[in-house]
Amino acid sequence: MTETTTYVRERFLEAEKPPASEASAFAWIRNNLFASWKDSILSILAITAILYYVPKALNWLFVSAVWTGADRTVCLTTDQGGQLPTGWSGACWAYVNDRFVQFMFGSYPRDELWRPLLVVALFVALLVPFLMPKVPRKGLNALLLLIAFPLVSFFLLLGGSFGLRHVETSLWGGLMVTLILSFVGIVVSLPAGILLALGRRSRMPVMKTVSVVFIELIRGVPLITVLFMASVLLPLFLTPGNNIDKFLRALVGVSIFASAYMAEVIRGGLQAIPKGQYEAADALGLNYFHKMTFVVLPQAIKLVIPGIVNTFIGMFKDTSLVTIISMYDLLGIVKASFGDSGWITPVTPLTGLIFAGFVFWIFCFGMSRYSAFVERRLDTSHKR
């Protein structure tokens, strides 16, 4: 009788659960916080700092904070002419609550606030489905969000037609100005940046020269210089009586500045595309427009999504520089409120800056998380 010996297993072993010692919280702490003596020292220092500072910060922000009140006396100690005990220190959220409408809309007439609120409602109603991949009719949604919505918002906010009261842009302020500048900058900078990047890589000498000069000139100066030139120097070249609105000048300055930076981000993505993709498109008989639209640009933009969103986030924060031309965004109007005699206290400035920083963080963090979501969704390189 002959025995057949096999050395190859006919079926895989069943997967076993990890050892209990490796699946516990204690194992995670050991592997991630105390894997070596250097990690242990850093972990102990970090834990010590957290235990020391976080409770004090939470106590200052929430426990000892003053949440309601009509004036600054609610945030002053008895030694300072207020109501709180000597030695008290905490956030004065009553000040933020009292100035909240101003922080959001600036000096926009209070009896006309329904107009910016309606704009916000329309923006959310159009943006949310636009950002959700499974919602159909993206083309119609994009048309409404990027073309129809700005036109409707212009007439609603500015007024002067359709029976609406005219509201000067000098009365606009707060978060409303920040969002308008950011939205217009994003909508303009992405397509403009794509065109500039393509122009810089063009074989047409005139197109390439114009693109290079524009990009290098704008990137070579700070945004504050661009805003100053748009606000102060531009009117000097215009005939008397043809002055351009200051807010419009700020929009143009922010948009062209962001476009120059966006162009370099897109150019980086174009340079990362293998030459074979261009040759494959040429082999299919595609012209330049179709090759860029359907083959090259989708891949290039996918590669530089982090850089694009990083430019958007930087632009969103840079809107605070419009204070140089007397336009008050969220941070500018918060800082301007520090001189209000009704709310001058030792803790008012810090409370206002924390509030402004938190609002900026919410929007920046939201853009960052959505960017990560889009990257994961478009990452098909390892999918089967």
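For the reader, a short list of remarks on this structure follows.
- Solvent exposure ordering (accessible area, 1.4 Å, most first) of ARG249, ARG219, ARG137: ARG137, ARG219, ARG249
- Dipole orientation for the chain: of the candidates GLY69, GLY82, LEU158, LEU158 has the Cα lying most toward the positive pole (charges on Cβ; Lys, Arg +1; Asp, Glu -1).
- Top of PHE316, PHE355, PHE154 by mean-square fluctuation, Gaussian network on the chain, Cα under 10 Å: PHE154
- Average accessible area per residue (Å²) across the range 153-221 - probe 1.4 Å, nucleic acids and ligands excluded: 52
- Of all accessible heavy-atom area on the range 264-382, the percent that carbon and sulfur account for (1.4 Å): 65
- About the Cα centre, charge dipole magnitude for the range 38-153 (Lys/Arg +1, Asp/Glu -1 at Cβ), debye: 560
- Under the Debye formula (equal points on every Cα, no solvent term), log10 I(q)/I(0) of the chain at q = 0.14 Å⁻¹: -1.31
- Solvent accessible area, Å² - TYR288, 1.4 Å probe, full protein context: 120
- Measuring only protein heavy atoms, the 1.4 Å probe finds LYS275 accessible over about 150 Å².
- On a per residue basis, the range 238-384 carries 53 Å² of accessible surface, using protein heavy atoms and a 1.4 Å probe.
- For LEU270, LEU84, LEU51, LEU118, the ranking by accessible surface with the largest value first comes to LEU51, LEU118, LEU84, LEU270, using a 1.4 Å probe.
- Entries of LYS38/LYS302; LYS246/LYS302; LYS275/LYS302 with Cα pairs more than 27 Å apart: LYS38/LYS302; LYS246/LYS302
- Placed amide H near ASP329: partners under 5 Å, 5+ positions off or other chain: GLY174, THR323
- At least 27 Å along the helix axis (C-alpha) and Kyte average at least 0.5, DSSP helices within the chain: 37-58, 175-200, 246-272, 348-378
- Most fluctuating residue given options THR319, THR178, THR345, as computed from a GNM of the chain linking Cα atoms under 10 Å: THR345
- With a 1.4 Å probe rolled over the protein heavy atoms of all chains, the accessible area of GLU14, GLU112 falls in the order GLU14, GLU112, largest first.
- Taking all protein chains together and rolling a 1.4 Å probe, LEU146 ends up with roughly 70 Å² accessible.
- Computed [θ] at 222 nm, deg cm²/dmol, the chain (DSSP H ≥ 4; -39,500 (n - 2.57); rounded to nearest 500): -18500 deg cm²/dmol
The values are calculated or read from the model by the stated rules, or taken from the named source; none is laboratory data. Small disclaimer: the values here were computed from a predicted structure and weren't measured. No Cβ is skipped: glycine too gets one built from the backbone with ideal geometry, and neighbour counts run over all protein chains shown. Keep in mind that these areas ignore ligands, DNA and RNA; they rest on the heavy atoms of the full protein, side chains included. Shrake-Rupley method; radii C 1.70, N 1.55, O 1.52, S 1.80 Å.
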